[in-house]
Structures are given as C-alpha cells and as structure tokens.
1. Return the pairs, sorted by first residue and then second, in which the second residue is open to solvent by 70 Å² or more (accessible area, probe 1.4 Å), the first residue lies in the range 351-367 and is among the β-branched types (Val, Ile, Thr), the beta carbons are less than 8 Å apart, and the residues are 6+ apart or on different chains.
2. Any residue at all in the range 345-364 that's open to solvent by less than 10 Å² (accessible area, probe 1.4 Å) and touching a strand residue (DSSP E or B) at 6+ places or on another chain (Cβ under 9 Å)?
3. Only one of Lys467, Lys476, Lys390 is part of a helix (DSSP H, G or I), without any contact (Cβ under 8 Å) to a residue 24 or more places away in the chain and closer than 23 Å to Ser74 by Cβ. Can you tell me which?
4. What is the one condition in (1) open to solvent by 10 Å² or more (accessible area, probe 1.4 Å); (2) closer than 26 Å to Ile17 by Cβ that Ala308 does not satisfy?
5. If Phe231 satisfies every condition in (1) open to solvent by less than 50 Å² (accessible area, probe 1.4 Å); (2) at pLDDT below 70; (3) among the hydrophobic types (A, V, I, L, M, F, W, C); (4) not in a helix (DSSP H, G or I) but one, which is the exception?
6. Hydrophobic (A, V, I, L, M, F, W, C), assigned to a helix (DSSP H, G or I), in contact with a strand residue (DSSP E or B) (Cβ under 6 Å, 6 or more places away or on another chain) and in contact (Cβ under 8 Å) with a residue 60 or more places away in the chain: which single residue out of Leu399, Leu445 fits that description?
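The values are calculated or read from the model by the stated rules, or taken from the named source; none is laboratory data. Please read all numbers here as calculations on a predicted model, not as lab measurements. Heads up, the Cβs are rebuilt from the backbone with ideal geometry, glycines too, and the neighbour counts pull from every protein chain shown. Only protein heavy atoms, including side chains, enter the accessible area calculation; ligands, DNA and RNA are left aside. Shrake-Rupley method; radii C 1.70, N 1.55, O 1.52, S 1.80 Å.
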Amino acid sequence: MAKLYLFGIGGTGSRVIKSLTMLLSAGIDFNGYELVPIIIDPDSANGDVTRTVEILKAYQHIHERINKEKKAESSFFNTPISGISQNFRLEIKGSHNEEFREYIGYSELSENNKALISMLFSEDNLRADMEVGFKGNPNIGSVVLNQFSESEDFVKFASDFSAGDRIFIISSIFGGTGAAGFPLLLKNIKNADHTLPTWALLKEAPIGAISILPYFGVWPDPKSKIDKATFISKTKAALDYYNKNVSGNNSLNALYYIGDEVNKDYENHEGSTFQKNDAHFIELASALAIVDFVATDDSYLQNVNGRATTPLYKEYGVLNDAETLTFGDLGNGSQHRLREALTKFTLFNLYTENHIHSSLDLPWATGSVKIDRQFLGQPFFNTYIRSINKHYWEWLTELKRNKRSFAPFDLKVGYNNLFELVAGTKAKKGLFERGSNYSRVDYVLSRTEPKVKAKSQDTFFIELFDKALEDVTREKFG
C-alpha cells in the first residue's frame, strides 16, 4: 500500500491533521493511501499537538482492532495510520531547554562574528527560549529547522520512502515555525543525502503543500512576543520568498492556498499547554486539500530532475460567503465529500453516547455476535471509541462557535427530533414510523445485522453501524 507522508508544521499543522483524522474516522475516502503523519513542532507541551496525538493514537488502535480478523468492510476508520515515531513527532535536535544564543554557540564566536550575528538577530531573538517554539520569528526558525536532515526521525522517513509514495506539507505562513519550516523541509527532501538509498526517489517524489494565510488573530499582550499586527507583513515576505524559491522553480507538484478574514482573536499564548485553539473551518478545508491531493492522478504529478512538469495551483472557495456555513454553503466537491460521511458519523456518535445502553436487548445486539454490557466496558469501546467520540463532538462544537462558523448540524437534537440533525434539510418521514427517531435507527440496525459476516465483536460492531447508518442517512436525508 502506498503511503502519504504528511508533515504538519507548527500548531496549525497539528490542527489540520486533527481535522483530517476526524474526516478519516467518518470514512472520507483516502484513495487507498496509508497516512503517515509527522508533526514538526519544537514546543513539546503544545496543547494542540497533545490533543492531535491523542486522537491519532485512538484512531490507530481502532483501525488495528477492526482489521485484526480481516479487512473490515467499513468506511469508518478505514484508512491505516502509522508513524515514524511513537508520538508521531519529528524530534528537532537542540530545541529544548535552550536559548537561541546557546544553540548557535554565541559565546564561542569571535568578536567579528558576534557583530554579524547582532546585525541579523535582535537581543530578544538571541535570548529567546526555544522550548515553546519560535514565537513568530521565522529568522530563528530557519536556523534551527535547517537541522531537519540530521535527525534520526528524518532519516527513518527518508529510508522508508518507496516508489508510489507521496508527500504533503502543511504550514501557516504568518508565524515562525510554519513559515520557516516549509521551504527548509522541502529543500531537505529534494536534496536528501546521497548516502541514503532513497535519495533519487525523494528528489522525484510527488509533493503537495498548503500555505495557510492569516485566518485568526491574538489578543494584544505586552508580555508576548507574538503580535497579530505583523501577520500580514510576514505573509507578504513569505509569499515573495516562496514565489522565487518554491513555486518559482517548480519545486512542488501541487500548491494550495487558503485564508480568511481575521474574524476572531484568541488568547495570546506563546505556546505550551495553554496553546489549544478552537477548531476552525479553514483547518477543515485544508484537510480537504490533502484529500484532493491523494485523489489527483499520477499524470499530473510528474517530475523531471526534481522539477514539476505541470505544477498545480489551487485555492479554496465557498458557494456562499456566510458568517455561519452549512453544507449548502459549500461547493459541490466539498458537499460530495463531507455531507454523507459526517452525517453518518454524527449519528454514530449520538447513538453510541446517548442510546446504546438501552438497546442491548434488540435483535441487532443479540444475534450471532453479541454486543453486550461487557463489550461496552472493554477498552475498544469504553476507551478508544469514546475518546474519538469526545474529540469529534468537541471538534464540531468548536467549529460551530468559531468565526467564521461551520455549523452543519443541530447539536442539541434529542430522542424525538434526531432527524432534524442536518441544518437546512427536512428529513423524509416514513408512513408507518412510530415512537422516537432512535426507534428507526434500532430497526435498521436489526434489519442489517444478518448481512454482517464479521465474527469478532470489534469488527462486527463497526461494520454494522457503518452499513446501517448509511441506509438511515440516505433514507432520511437523500
């Protein structure tokens, strides 16, 4: 199976990977690729990174369990996810518990070299503690991140890379880690050490990337080195550099651009556990760019001597420029990819969190494969499924309350109005339906149960809900 090596640089990179993992949980098609996420962020305690790693581990466990017996016949959790390290992170040498001046050996430099360094970096730069990243300073990031190729994790990635694999890079363009990391990572991939057996493959590898323009701000804080007033100037400088050194020399096969008006300011946290921004529609749309890239035909992703022959440049747009977006406000491509998959998975979340314990005496749970209270108490369901459920609901809630808002669902539906779930869509009502809306789901689950051939509880459970909720979604919402 071919792999997509997905590099997520900085906090934005982690949040886009989180959105992509939510989409894959819901069964978004990934064109047969295995996903290998690689997070690059020197801030080891970053709240966004920690949350994304937790989601990836839960997903990975579920996928492995349901495919242990045989390949599961389910779209839920269908795409395999693996990592080059236990925590999906690329370790950056020398970026922990150290000031930038110590990292570059400032005290050992000659007076002439110290004078040169003082021209290039301010005193604040030199005294910057890199434990929480580069605090919006790409000049610092460019020095530290230029050591990519010397890390054991980078060598492992390069050594594992095979013919047919692809690479995608996520980075914001208005901060420090992403803006500096993207071109440096690209350079290190294209110019991999010739002692690596895969260097020629890496040089000609199909590579896509998304550059995320400003889409949020931060509150003014005199104690913080991060100032949203600099975001636009940094973006212009980065775009000019990319034009000359990335897109200008056809280093990429596909480059996606995305951004939005800055509608919301977050608390100004330079990093660590407090940097845990709400999910944003821009991150979801960026995840769709990755899905688009793996779906792109090989013929559009050819290279000659490390240069793309037909580079693609894409932007993202919505059908209606609304403050609160629903499925109907998105273009046809986004609606096609998102509507059914997210509706199915949202129904799965609601049923397994609110109704499943009261339905274990029904035919779907008492057939040849028993789904009982013991099953619900085991780690597969009680730890990993419920962890994904918690993060998925948190993700939907954050998307809804952010600006701009993405609110495709009414998250307050109950037993008697479950099928009012999809915003702007009137559900079809069956002629003989009685009782709560959950009763219809119960009926379809029991009707589907004999068609599911899996023998293990884990695989049976996911296949049953995937098939039954697909029927419910199409029956009710078209």
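1. Sorted first by the residue in the range 351-367, then by its partner, the pairs are Thr352/Arg386.
2. First, pick out the residues of the range 345-364 that are open to solvent by less than 10 Å² (accessible area, probe 1.4 Å): 345-352, 356, 359, 364.
Now narrow it down to the ones that are touching a strand residue (DSSP E or B) at 6+ places or on another chain (Cβ under 9 Å): 346.
There is at least one residue in the range 345-364 that is open to solvent by less than 10 Å² (accessible area, probe 1.4 Å) and touching a strand residue (DSSP E or B) at 6+ places or on another chain (Cβ under 9 Å).
3. Details: Lys467 fails: without any contact (Cβ under 8 Å) to a residue 24 or more places away in the chain; Lys476 fails: without any contact (Cβ under 8 Å) to a residue 24 or more places away in the chain.
The conditions single out Lys390.
4. (1)
5. Result: Phe231 fails condition (4) only.
6. Working: Leu445 fails: in contact with a strand residue (DSSP E or B) (Cβ under 6 Å, 6 or more places away or on another chain).
Leu399 is the lone residue from the list that is hydrophobic (A, V, I, L, M, F, W, C), assigned to a helix (DSSP H, G or I), in contact with a strand residue (DSSP E or B) (Cβ under 6 Å, 6 or more places away or on another chain) and in contact (Cβ under 8 Å) with a residue 60 or more places away in the chain.
Every residue, every condition in (1) surrounded by 19 or more Cβ atoms within 10 Å (Cβ to Cβ); (2) modelled with pLDDT of 95 or more; (3) part of a strand (DSSP E or B), yes or no:
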site: Gly11; (1), (2), (3): yes, no, no
site: Ser19; (1), (2), (3): yes, yes, no
site: Pro42; (1), (2), (3): yes, no, no
site: Thr50; (1), (2), (3): no, no, no
site: Ile55; (1), (2), (3): yes, yes, no
site: Tyr59; (1), (2), (3): yes, yes, no
site: Lys68; (1), (2), (3): no, no, no
site: Lys71; (1), (2), (3): no, no, no
